[in-house]
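First comes the structure, then the notes that go with it.
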Amino acid sequence: MKHFLMAFLLAMTLTAQNMQQLTEQLGKTVLYGDVALSPDGANLAWVESTAATTSKQTYIRETSGNAPAKLVKLPTTGERTDFDLAWSPDSKTLAFFSSAGERDQRQLWAVTRDASDAKKIAKLNGYAARPRWSHDGKRIAFLYIEGAGGGGPLMAAPPTTGVIDTAIHNQRIAVLDIANGQLRQVSPADLHIYDYDWSPNDKTFVATAAPGPGDNNWWIAQIYTIDIAKLNATSIYKPTLEVAVPRWSPDGNSIAFIEGIMSDEGFHGGDLFTMTANGGDVLNRTQKRKASVNSFIWQAPNRILLVEYVGGGSAISELNLTDNSARTIWKGPEGIHAFGNFPNFAFSKDGKFAAAMRSTYNSPPEVFAGPLGEWRQLTNNNAGLQANWGKAESIDWTNEEFNIQGWLVPPTKVEPGKKYPMVVFIHGGPSSVTTSDWPASFGMSRAIIAALSMRGYYVLLPNPRGSYGQGEDFTRANVKDFGSGDLRDDLAGVDAAIKKYPIDPNRLGVMGWSYGGFMTMWTVTQTDRFRAAVAGAGIANWQSYYGQNLIGQWMIPFFGASVYDDPAVYEKSSPIRFIKNVKTPTLVIVGERDAECPASQSYEFWHALKTLGVPTKLIVYSGEGHMFIEPKHQVDRLEQTMAWFDKHLK
């Protein structure tokens with residue numbers, strides 16, 4: 001017994017040391033975001049940070065030569081967070097937002113292309129985002145919520161007390177005249193603007209918008225044109241599903257946009273549509289294409305460059321509008337996109353030159369630039385980082401009528417004749433996709449992949465029906481069927497992995513966050529195959545969830561009706577309905593102020609398991625929203641998750 005105890009304590013010490021080393025290593029990863037390429041392709045800017053800090057600073061460098069990037073220095077002291085970079089049409093000036101000197105307030109700054117002479121060019125009071133220059137370079141537009149905060153439902157929700165739903169703070173388009181500093185809001189006060197684009201003559205905006213509250217109504221947004229002089233908006237397109245990224249053609253005659261079933265604002269995927277500038281002749285240009293468009297730019301009036309999710313990776317394709325034919329220019333395993341949340345890709349004005357932040361599970365992020373598909377590496381800040389976990393590989397399997405793709409990360413070392421436990425990591429969304437990315441990012445939610453591999457686990461990351469990457473029919477395949485078909489796809493992936501790799505079928509775990517948290521709760525109510533589960537920000541009861549979350553509009557396209565009109569379709573996919581089936585020890589994790597998946601859902605699931613005598617633990621992280629911000633909470637979540645799987649699967 002004495003020797004057993006010493007061995008046990010040694011193993012626990014090694015586990016703690018490994019986790020500390022891993023979090024320190026991943027925490028040092030230099031991250032690059034908000035990649036912005038000047039229109040002429042000569043200069044590149046990005047926001048740089050590390051995974052363990054919240055500070056973000058802007059860097060600029062030339063795309064040619066080997067001169068190092070220059071930090072944009074601001075005449076302030078203390079920590080700063082920079083956001084949303086935008087080059088002027090003449091490629092000489094970079095505009096960006098920064099909280100420098102004002103922790104809770106973004107201000108608009110401008111700096112020359114040599115990273116000198118930074119100046120604050122507007123005094124703002126409220127949330128601001130997404131600056132865009134007019135084509136003549138005389139004005140900068142941006143999204144603005146004067147006198148109020150913003151940031152979307154990923155952030156921690158404010159406390160809700162007093163009379164509810166009386167104040168709606170719509171996000172409007174504000175335009176700054178650079179010469180005289182005059183700022184005016186040009187979109188109607190009763191519309192919340194989500195995305196927009198200047199017309200070529202700078203007289204009109206095209207925008208996706210809906211009446212407030214903004215966090216809830218993105219899923220019912222329409223496309224509007226906004227007359228800047230008259231300050232009025234005209235709806236020109238009411239979509240069937242969600243719309244994103246409205247962009248004018250170079251000649252001003254057409255507007256392109258993405259439409260599809262999307263579960264989260266800022267994480268786009270769907271088909272590419274075009275229409276005339278007044279909303280006529282709406283055409284789906286990528287119908288039945290086995291890909292999901294996430295961003296694009298007009299290259300000419302009859303050509304559009306697409307950035308797409310394909311399988312579990314990305315591609316860049318040129319679409320010819322004369323016959324809707326497309327040719328692939330580049331394809332890779334990583335995830336790239338030019339707009340929305342955390343953009344990591346940018347084109348030059350002519351579309352011939354591009355820049356990207358690139359990484360895979362086994363290669364850390366760096367910045368690349370060059371002609372399309374011929375990029376060269378410009379940064380080397382993560383050269384000292386080593387992937388001490390297993391080498392990831394793409395894995396494919398079939399289930400029912402679908403071909404499914406996923407990623408499999410093996411243990412760091414696989415010994416002959418030995419079998420290993422495996423954890424299935426289910427992505428959120430459900431309209432999303434898992435691509436190959438270094439397991440350190442803002443929020444550190446993917447660090448668990450490396451941790452599990454280093455501790456001797458296989459990790460399966462499936463892209464089942466409902467995911468991006470195989471066209472709209474595939475993404476819509478779980479409508480009115482949450483948890484059923486996609487679980488069958490996931491279980492078929494488990495079988496495929498066990499058949500091919502030395503995986504112990506009696507030591508399986510499952511985990512996920514958001515929709516992945518729901519799928520974890522659902523999985524343990526439907527099967528006893530898993531011996532441990534970690535449900536993060538999950539949904540236990542779709543009926544009660546409908547009345548608790550702050551973004552209920554997202555559910556209508558997926559369930560077909562509100563819970564008040566068709567409660568049965570919500571009940572059939574609710575894990576709580578089958579709660580007495582659960583035998584799997586389940587750790588439940590959530591942020592205290594999560595607006596997307598309220599903590600009450602996690603409490604309901606945990607309370608049921610505890611009452612029924614199933615091993616469980618609930619952790620609610622103070623002040624956190626749907627996306628964790630505090631580094632100490634990110635590290636603790638990793639350690640708690642790893643300890644839970646070690647306890648039940650080792």
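Things worth noting here:
- Prolate/oblate/rounded label for segment 312-430 (Cα gyration tensor, a/c 1.5): oblate
- Largest accessible area first, the residues LEU461, LEU372 order themselves as LEU372, LEU461 under a 1.4 Å probe with ligands, DNA and RNA left out.
- Rounded accessible area of LEU71 (nearest 10 Å², 1.4 Å probe): 50 Å²
- HN-Hα J in Hz across segment 468-482 - Karplus 6.51, -1.76, 1.60, θ = phi - 60°, x for Gly and Pro: 6, x, 9, x, 5, 4, 5, 5, 8, 6, 10, 4, 6, 8, 3
- Per residue, the accessible area of segment 275-427 comes to 43 Å², computed with a 1.4 Å probe over protein heavy atoms only.
- Residue-level accessible surface for GLU639, protein heavy atoms, 1.4 Å, Å²: 80 Å²
- For VAL433, the residues 5 or more places off, or on other chains, whose built amide H falls under 5 Å of its own are TYR468.
- For the pair segment 603-650 / segment 554-573, the C-alpha centres are spaced 28 Å from each other.
- Cα-centred dipole magnitude for the chain, charges only on beta-carbon of K, R (+1) and D, E (-1), debye, nearest 20: 1440 debye
- Solvent-accessible area, 1.4 Å probe, carbon plus sulfur percent, for segment 119-278: 49 percent
- Shape of segment 211-267, Cα gyration tensor, a/c cut at 1.5: oblate
- Our coupling estimate for segment 113-123, obtained by passing each phi through the Karplus curve with A = 6.51, B = -1.76, C = 1.60 and θ = phi - 60°, is 5, 8, 6, 10, 6, 6, 9, 7, 10, 7, 10 Hz, Gly and Pro reported as x.
- Close amide H contacts of THR360 (hydrogens built in the peptide plane, cut-off under 5 Å, sequence separation of 5 or more or a different chain): TRP438.
- Among HIS268, HIS135, the order of accessible area from largest down is HIS135, HIS268, computed with a 1.4 Å probe on protein heavy atoms.
- Amide H contacts of ARG80: LYS56, each under 5 Å away and 5 or more positions distant or on a separate chain (H built 1.01 Å from N in the peptide plane; Pro and chain starts excluded).
- Cα lying deepest toward the dipole's positive end in segment 344-481, options TRP397, PRO430, TYR361, charges on Cβ: TYR361
- Ranking of ARG103, ARG80 by solvent-accessible surface, largest first: ARG103, ARG80 (1.4 Å probe, protein heavy atoms only, all chains present).
- For segment 505-513, the Karplus equation 6.51 cos²θ - 1.76 cosθ + 1.60, evaluated at θ = phi - 60°, returns couplings of x, 9, 10, 10, x, 9, 7, x, 10 Hz by residue, with Gly and Pro reported as x.
- In Å², nearest 10: area of ILE395 left accessible to a 1.4 Å probe: 10 Å²
- Per residue, the average separation of C-alpha pairs within less than 8 Å and at least 6 apart gives segment 418-519 a relative contact order of 45 percent.
- Overall form of segment 296-357 per C-alpha gyration tensor (a/c, 1.5; a/b vs b/c): oblate
- Net charge over other residues, Cβ less than 11 angstrom from the Cβ of GLY312 (K, R count +1; D, E count -1): -4
- With 18 Å as the limit, the listed pairs LYS28/LYS331; LYS583/LYS610; LYS92/LYS120; LYS123/LYS203 have LYS28/LYS331; LYS123/LYS203 beyond it between alpha carbons.
- The simple spin-label model puts a point 7 Å past each Cα toward its Cβ; for LYS230 and VAL282 those points are separated by 2.2 nm.
The values are calculated or read from the model by the stated rules, or taken from the named source; none is laboratory data. Treat the numbers as computed from the prediction; the structure is a model and nothing was measured. Note: ideal-geometry Cβ built from the backbone for every residue, glycine included; neighbour counts use all protein chains shown. To get the accessible areas, we keep the full protein, side chains included, count just its heavy atoms, and leave off ligands, DNA and RNA. Shrake-Rupley method; radii C 1.70, N 1.55, O 1.52, S 1.80 Å.
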